[in-house]
Amino acid sequence: MRIIGGEFRGRKIAFPEKKDVRPTKDRIREAIFNVIAEKVPGAKVLDIFAGSGAYGLEALSRGAESAVFVDNDEDCCDIINKNIKSLSLKEDCSIKRYDVFGIIEEISSKKHKFDLIFADPPYNIGLAKKTLIMINQYDILSPSGLLIIEHSRHESLPESDGKLSFF
């Protein structure tokens, strides 16, 4: 895996070699960042179910202000920390080894909002829909923010949920 664009373009990043972790392919991340390019500079980013932290690291490389990485797996958090250190990004980042849904509640209680939220939950166990519901319920996305969530094509998601509209 590597950073696709920005300051760290071409730099390799480590990823957890576990069978239940699916790193997003470089070309998919590139396509996503091409679409959201204007939203990235200066953004506050939340990368949940972070795995290697590739989404948040890519955003930082492209000018995001800060990133919070959340994963409940110790090995994933260690890999994210390694990647942050290899890119010398410590001041702009924080890593939370925590249950994603618990951290959403905590973020909400502190009235924090994010401009970009990346979510890549495990497939086919209902976490994509639950993530959408929680983010809407706890209102942690800024009014003009974007939520990018990966999910299996076999998981159906609503076209909208409260304040969130999906496309």
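The values are calculated or read from the model by the stated rules, or taken from the named source; none is laboratory data. Here the structure is a predicted model, which is why all the values come from computation and not from measurement. Because the Cβ atoms are built from the backbone with ideal geometry, glycine has one as well, and the counts that use them run over all protein chains shown.
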- Task: Output the number of residues of region 109-130 satisfying the condition of being basic (Lys, Arg), within 17 Å of LEU147 (Cβ to Cβ) and either in a strand (DSSP E or B) or without any contact (Cβ under 8 Å) to a residue 60 or more places away in the chain (or both).
- Result: 2
- Query: Taking region 84-111 as the region of interest, how many residues are within 17 Å of ALA59 (Cβ to Cβ), surrounded by 15 or more Cβ atoms within 10 Å (Cβ to Cβ) and of a type outside the set (A, V, I, L, M)?
  - Reply: 3
- Item | Selection from region 26-69 of residues that are of a type in the set (Ser, Thr, Tyr) and either in contact with a Phe, Trp or Tyr (Cβ under 8 Å, 6 or more places away or on another chain) or part of a loop (DSSP other than H, G, I, E, B) (or both) | SER52, TYR55, SER61
- Does ASP115 satisfy the condition of being under 17 Å from ARG29 (Cα atoms), of a type outside the set (Val, Ile, Thr) and within 12 Å of the chain's Cα centre (by Cα)? no
- Only one of VAL68, VAL45, VAL40 that is hydrophobic (A, V, I, L, M, F, W, C), out of contact with any helix residue (DSSP H, G or I) (no Cβ under 6 Å at 6 or more places or on another chain) and closer than 21 Å to LEU146 by Cβ: VAL68
- List pairs: first in region 132-145 and surrounded by 15 or more Cβ atoms within 10 Å (Cβ to Cβ) and assigned to a strand (DSSP E or B), second modelled with pLDDT of 90 or more and aromatic (Phe, Trp, Tyr), Cβ under 7 Å, 6+ apart or cross-chain? LEU141/PHE114; SER142/PHE114; GLY145/PHE114
- Message: I'm told ILE148 meets every condition in (1) β-branched (Val, Ile, Thr); (2) outside any strand (DSSP E or B); (3) in contact with a strand residue (DSSP E or B) (Cβ under 9 Å, 6 or more places away or on another chain); (4) modelled with pLDDT under 95 except one. Can you identify the failing condition by its number?
- Response: (2)
- Could you check LYS82 against (1) in contact with a helix residue (DSSP H, G or I) (Cβ under 9 Å, 6 or more places away or on another chain); (2) modelled with pLDDT of 95 or more and say which number it fails? (1)
